[in-house]
Amino acid sequence: MSKLNIKRTIGSLEKQEARAALVFVLPFFIGFIIFQFAPLFYAFFISFVDLNNFKPLHAVTWVGLANYTAIWKDPIAVSSYLKSFYYTILYVPFLTAVGFIAAVLLNKHFYWKSFSRSLFLMPYVANIVAISIVFSLLFDPFGGFVNTLLKVLGIDNPPLWFASAKMAIPTTAMVAVWLNFPFQMIVYLAALQGVSKDLYEAADIDGASRFKKMVSITLPIISPTSFFLIITATIGSFQNFTIFNALTKGGPGTASRVSSLNIYEEAFSFNHYSYAAAQAIVLFLIIMVITIIQWGGQKKWVHY
């Protein structure tokens, strides 16, 4: 076969592969346009108009940045962003630490290891509404199992948990960690099993302690995994509507009314669609800025 025919055959195969790749990618791309990009574009558009009650689109008027400036004059909206930050600060480090510790424990050899892994995964596959009902009963401040146990142990005034303005967000973060740490655990477990045992054997020869091996070998090698999990956990922490709506509904009062819940209330309880869209765009920009900062900072501690 001549070189020209070989080149033509290779070119034909490359075109066929490109067409096949397009066929596989096209359904995702169409779904992304319909369910991701189009709603984002529509939300961005209506955030600049006065669609704050039921009216046809041709009746709305352009208001520019009025919906955005109204956010900073609304103490509940501003407070909701601060509450989301507070939840993220509690949730992300605790979730990452619990996931890593669980992975380290399950990476050891012990009896019923496979059963234990399956048991740890149960919260992640459980229905969040059912979980919310269970934890609401457990943390009932006036007759729940937790406070009853605390009183038996001698604590006369146990926390009010979800009914307390100070404890509602930390308690919700604790439940969310219990619900989501299995994903972190599985990813960390895969990363730990990829660390070469030769490195640990060399460290043993040098007389390194367990802590030294953890700090000098394990954590640097799995740092890309940690970065991925921290990024996804941070983004997920701002998308916290379901857990707060199921457990606190923003209460008591507005003590746990995070931004996602406030956006929902503005849009579907008060019909302030443009105002809610503006809040959603601001939340999107906040998440994007935090992600960019994390992406820039990973160069200092992530080792590839």
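Readers should treat all values here as calculations from the given coordinates under stated rules, not as data from a laboratory. Just so you know, these numbers come straight off a predicted model, no measurement behind them. Cβ: placed from backbone, ideal geometry, glycine included. Neighbour counts: every protein chain shown.
Just wondering, is there one or more residues in region 206-227 that are out of contact with any Leu (no Cβ under 6 Å at 6 or more places or on another chain), hydrophobic (A, V, I, L, M, F, W, C) and closer than 25 Å to TYR68 by Cβ?
no
Within region 210-241, can you find the residues that are of a type in the set (A, V, I, L, M, F, W, C) and closer than 24 Å to ARG257 by Cα?
Scanning region 210-241 gives ILE230, ILE231, ALA233, ILE235, PHE238, PHE241.
What helices (runs of 4 or more DSSP H) lie completely within region 106-158 and have 3 or more residues being hydroxyl-bearing (Ser, Thr, Tyr)?
Of the helices (runs of 4 or more DSSP H) lying wholly inside region 106-158, those with at least 3 residues that are hydroxyl-bearing (Ser, Thr, Tyr) span 113-125.
Where residues in region 160-209 are buried (at least 19 other Cβ atoms within 10 Å of the Cβ) and of a type outside the set (A, V, I, L, M, F, W, C), which of them is nearest to LEU261 (Cα to Cα)?
Taking the candidates together, the pick is THR172.
Name the helices (runs of 4 or more DSSP H) wholly within region 176-278 that hold at least 2 residues that are closer than 22 Å to THR88 by Cα and among the aromatic types (Phe, Trp, Tyr)?
223-238, 241-247
Which is small (Gly, Ala, Ser) and either within 25 Å of PHE162 (Cβ to Cβ) or touching a Ser or Thr at 6+ places or on another chain (Cβ under 7 Å) (or both), of GLY253, GLY297?
Being small (Gly, Ala, Ser) and either within 25 Å of PHE162 (Cβ to Cβ) or touching a Ser or Thr at 6+ places or on another chain (Cβ under 7 Å) (or both) holds for just one of GLY253, GLY297, which is GLY253.
Only one of THR254, THR234, THR242, THR248 is surrounded by fewer than 16 Cβ atoms within 10 Å (Cβ to Cβ) and of a type in the set (Ser, Thr, Tyr); which?
Unique residue meeting the criteria: THR242.
Using beta carbons and a limit of 6 Å, which pairs, at least six apart or on different chains, have the first residue in region 275-304 and in contact (Cβ under 8 Å) with a residue 60 or more places away in the chain and the second one not in a helix (DSSP H, G or I)?
What qualifies is TYR275/ASN52; ALA277/SER47; ALA278/SER47; ILE281/SER47.
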